[in-house]
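Notes for the one structure printed next.
The values are calculated or read from the model by the stated rules, or taken from the named source; none is laboratory data. These numbers come from a predicted model, not from an experiment. All Cβ positions, even for glycine, are placed from backbone atoms using ideal geometry, and neighbour counts span all protein chains on display.
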Amino acid sequence: MQFLVKDAAKLFNVSEKTIYRWIAEAGLPAIRINKQYRFNKVELLEWATSHKVNVSPPSVAYAGAAGPLPPLSEALQAGGVHYRVGGMDKESVLREVVSLLRMPDSMDREFLLRILLEREAMGSTAIGDGIAIPHVRNPIVLKVSRPAITLCFLEQPIDFHAIDGKPVGILFTLISPTIREHLHVLSSLAFALHDAAFKDVVLRQGSRDEILSAARQVESSLAPLRDQREED
């Protein structure tokens with residue numbers, strides 16, 4: 001999805017001047033076409049999460065979109081939470097993660113693994129603090145009934161070439177039936193990881209119930225913003 005400067009400013013709730021400054025000074029990913037900057041939303045969300053920049057609440061960013069979009073807690077419940085996931089390096093860990101994804105038997109898991117590895121070769125999906133979000137910049141639409149986030153806690157943290165140099169022990173992996181839902185779920189996760197309570201329960205590898213409860217708390221905090229948007 002291609003964004004203009006005004007769209008990027010809205011996503012981050014900053015001025016357009018700030019966007020231009022981030023392009024020049026902070027490596028905000030953009031391409032220039034006919035003297036105008038264009039942005040890929042997945043890249044913007046990656047950059048924001050790794051640079052600890054807040055993003056607009058998904059209930060506001062996606063207001064007016066056709067049809068309901070799934071909350072974060074439902075996506076996590078659909079994908080599942082897994083503990084003590086094995087693997088000694090990036091490839092073996094991702095292989096284990098892909099094996100745990102809740103996909104139809106007809107899906108080609110080896111193909112998905114190759115795509116994720118190719119994405120990592122382009123640049124790490126580690127966002128710092130021992131967390132990575134393996135996904136692709138151009139979302140792959142899979143024949144699944146609903147978007148899912150599979151959360152894996154590794155038995156042994158591994159080097160993911162993170163921006164802060166910390167080994168990664170926590171992976172969120174996204175699969176979605178549509179690009180729109182992929183972007184919404186990624187936005188929801190990026191927003192939630194700026195919530196102190198949600199991030200704390202993830203970092204201490206809380207129970208499934210604790211993690212889902214923290215996700216629902218983030219969602220409940222969005223309700224006033226959604227209501228205000230509807231009134232406007």
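I need a count of the residues in the range 145-177 that are in contact with a strand residue (DSSP E or B) (Cβ under 6 Å, 6 or more places away or on another chain) and polar (S, T, N, Q).
Qualifying residue count for the region: 2.
Please state which of the following conditions Val202 fails to meet, knowing it meets all the rest: (1) over 16 Å from the mean Cα position of the chain (by Cα); (2) at pLDDT 90 or above.
(1)
Inspect the range 178-197 for any residue being farther than 22 Å from Tyr83 by Cα, among the basic types (Lys, Arg) and either surrounded by fewer than 15 Cβ atoms within 10 Å (Cβ to Cβ) or without any contact (Cβ under 8 Å) to a residue 60 or more places away in the chain (or both) and give the result as yes or no.
No, there is no match, as no residue in the range 178-197 is farther than 22 Å from Tyr83 by Cα, among the basic types (Lys, Arg) and either surrounded by fewer than 15 Cβ atoms within 10 Å (Cβ to Cβ) or without any contact (Cβ under 8 Å) to a residue 60 or more places away in the chain (or both).
Determine which single condition Arg102 fails, assuming it passes every other condition in (1) in the same structural domain as Ala214 (by TED's automatic domain parsing); (2) over 22 Å from Ala162 (Cβ atoms); (3) modelled with pLDDT of 90 or more; (4) not polar (S, T, N, Q).
With (1) in the same structural domain as Ala214 (by TED's automatic domain parsing); (2) over 22 Å from Ala162 (Cβ atoms); (3) modelled with pLDDT of 90 or more; (4) not polar (S, T, N, Q) applied to Arg102, the lone miss is (3).
When Glu155 is evaluated against the numbered criteria (1) touching a Phe, Trp or Tyr at 6+ places or on another chain (Cβ under 9 Å); (2) assigned to a helix (DSSP H, G or I); (3) of a type outside the set (Phe, Trp, Tyr), which criterion, by number, is the only one it fails?
The single condition Glu155 does not satisfy is (2).
Which residues, counting only those in the range 7-42, are out of contact with any strand residue (DSSP E or B) (no Cβ under 7 Å at 6 or more places or on another chain), among the basic types (Lys, Arg) and either assigned to a strand (DSSP E or B) or at pLDDT below 90 (or both)?
Residues satisfying the conditions are Lys10, Arg32, Lys35.
Just checking, does the range 112-131 include any residue being in contact with a Phe, Trp or Tyr (Cβ under 6 Å, 6 or more places away or on another chain) and modelled with pLDDT of 95 or more?
No, the range 112-131 contains no residue that is in contact with a Phe, Trp or Tyr (Cβ under 6 Å, 6 or more places away or on another chain) and modelled with pLDDT of 95 or more.
Counting only residues that are free of Cβ contacts under 8 Å to residues at least 12 places away in the same chain and not acidic (Asp, Glu), how many does the range 1-21 have? Give the steps one after another, and end with the answer.
Our first condition is that a residue be free of Cβ contacts under 8 Å to residues at least 12 places away in the same chain; within the range 1-21, this holds for 6, 9, 14-18, 21.
Next, from what is left, pick out any that are not acidic (Asp, Glu): 6, 9, 14-15, 17-18, 21.
Total satisfying the criteria: 7.
Mind counting the residues in the range 158-185 that are of a type in the set (Gly, Ala, Ser) and assigned to a strand (DSSP E or B)? Spell out how you get there, then give the answer.
Here is the first cut: in the range 158-185, the ones of a type in the set (Gly, Ala, Ser) are 162, 165, 169, 176.
Then drop every residue that is not assigned to a strand (DSSP E or B), which leaves 169, 176.
Residues in the range 158-185 being of a type in the set (Gly, Ala, Ser) and assigned to a strand (DSSP E or B): 2 in total.
Which ones in the range 206-215 are surrounded by fewer than 16 Cβ atoms within 10 Å (Cβ to Cβ) and touching a residue at least 24 places away in the same chain (Cβ under 8 Å)?
The answer is Arg208, and nothing else.
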